[in-house]
Amino acid sequence: MPLTLAVRCPHCGSTDTELLSRFSSTACKALRRCVACREPFDHFKEL
């Protein structure tokens, strides 16, 4: 089972976010969306 970490939304600060795509514009970023404000954002992956 993969470990999932809470990712904070850069727009509103909520930790209620969902993964849209494991890869965004580069392989080191994932595309996520905030459930609270519905804004998509890039998230740099942790190693």
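The values are calculated or read from the model by the stated rules, or taken from the named source; none is laboratory data. This is a predicted model, so every value here is computed, not measured. Here Cβ is always computed from backbone atoms with ideal geometry, including for glycine, and neighbour counts include all displayed protein chains.
Below are the figures for this structure:
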read-out	value
Scan of segment 1-22 for residues that are over 10 Å from the mean Cα position of the chain (by Cα) and modelled with pLDDT of 90 or more, ordered by number	11, 12, 13, 14
Residue within segment 37-46 that is assigned to a loop (DSSP other than H, G, I, E, B) and at pLDDT below 95 present	yes
Residues (without any contact (Cβ under 8 Å) to a residue 24 or more places away in the chain and surrounded by 13 or more Cβ atoms within 10 Å (Cβ to Cβ)) located in segment 3-16	8, 14, 16
